[in-house]
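Read through the structure below, which is laid out as structure tokens, and then see the notes.
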Amino acid sequence: MIVATPVTEDGMSGHTWGKARSVGVADVRDGRVATWSVHEVRWDESHDAGTHGSHHARVVRFLKEQAVEAVGVDHMGEGMARMMRTMGIHVLPATPGDAQASVLSAVAGTRPGS
């Protein structure tokens with residue numbers, strides 16, 4: 001499962017999705033992180049630089065480019081959550097601390113078919 005999550009500079013879970021500066025993308029296989037990459041998306045800067053629609057389009061483009069299937073987040077606005085539902089992307093709960101550990105915890109908490 002490909003999971004994206006906001007991350008801080010020191011690799012910890014970020015607090016918001018739509019205003020994230022960086023996003024980690026994990027390929028989770030057999031209960032472990034098989035690959036991990038961090039992308040500086042700068043949504044914190046671009047969030048208020050245009051319309052919500054243009055911001056959501058940037059996020060959609062990133063999610064599609066990375067083949068993201070789920071997002072682990074602490075907070076997400078209703079418009080963004082609606083967009084995730086429309087795309088069929090699962091929204092999973094993030095936990096404080098190490099971002100990779102948060103992703104593993106979120107994936108472990110999902111049920112098959114959810």
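The values are calculated or read from the model by the stated rules, or taken from the named source; none is laboratory data. All figures in this text were calculated on a predicted structure; none of them were measured in a lab. Here the Cβ positions follow ideal geometry from the backbone for every residue, glycine too, while neighbour counts run over all protein chains shown. Areas reflect the complete protein model, heavy atoms only, side chains present, ligands, DNA and RNA absent. Shrake-Rupley method; radii C 1.70, N 1.55, O 1.52, S 1.80 Å.
Conditions tested, residue by residue: (1) open to solvent by 60 Å² or more (accessible area, probe 1.4 Å); (2) assigned to a loop (DSSP other than H, G, I, E, B); (3) hydrophobic (A, V, I, L, M, F, W, C).
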position	(1), (2), (3)
Gly72	no, no, no
Arg82	yes, no, no
Leu92	no, no, yes
Ser102	no, no, no
Would you confirm, using the coordinates I've provided, whether Asp48 is among the acidic types (Asp, Glu) and either over 14 Å from Thr8 (Cα atoms) or at pLDDT below 95 (or both)?
yes
For a quick check of your reading of the model, give me the residue pairs whose first member lies in the range 11-23 and is over 17 Å from Gly77 (Cα atoms), whose second is open to solvent by 70 Å² or more (accessible area, probe 1.4 Å) and aliphatic (A, V, I, L, M), with beta-carbon atoms closer than 6 Å and at least 6 apart or on different chains.
Ser22/Val38
Subset of the range 1-40, residues part of a strand (DSSP E or B), among the aliphatic types (A, V, I, L, M) and either open to solvent by 60 Å² or more (accessible area, probe 1.4 Å) or in contact with a Leu (Cβ under 6 Å, 6 or more places away or on another chain) (or both), comes to Met12, Val38
Out of the range 58-70, which residues are open to solvent by less than 20 Å² (accessible area, probe 1.4 Å) and either at pLDDT below 95 or among the hydroxyl-bearing types (Ser, Thr, Tyr) (or both)?
Val59
Looking only at the range 66-80, decide whether some residue is on the phi > 0 side of the Ramachandran plot and either without any contact (Cβ under 8 Å) to a residue 60 or more places away in the chain or of a type in the set (Lys, Arg) (or both).
no
